[in-house]
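Data first, discussion second: the structure below is written as structure tokens.
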Amino acid sequence: MRLLKITLDRLPMVWFLLGLMFVAAGLYLGFETSLTFAYLIVGCLCCVFGIALVVLQFLERPTRPSATSLSPKFISAGATVVMPVMPIADNEQADV
């Protein structure tokens, strides 16, 4: 499951890199060949798709991570007593 999450998080970078490679291949071929414009168009579409995936992933992330959000019934460590204190007897209380 963790490998799938890592892969899906990196997918926009793969699309963007693929687009840059298509653009570079189209420029390498030169404008004399007929496939140059097809390479450039496919490269630009891949780059735009990669950027769109980044934006959509950013919009889908929760504002607060669920791992750090606390339930309303949570008792904080400051409100608990680690070791209970023995109640003071009435005759010992006068000495204090």
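Okay, here's what the table says:
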| quantity | calculated |
| --- | --- |
| Approximate spin-label separation Leu17-Arg61, in nm, with each point projected 7 Å along Cα-to-Cβ | 2.0 |
| Extension gain, Leu3 back to Phe31 (0.36 nm per residue minus Cα-Cα distance, nm) | 6.0 nm |
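Bear in mind that the values in this text are calculations on the coordinates, not laboratory data. Bear in mind the structure is a predicted one, so any value in this text is a computation, not a measurement. Every residue, glycine as well, gets a Cβ built from its backbone with ideal geometry; the counts of neighbours run over all protein chains shown.
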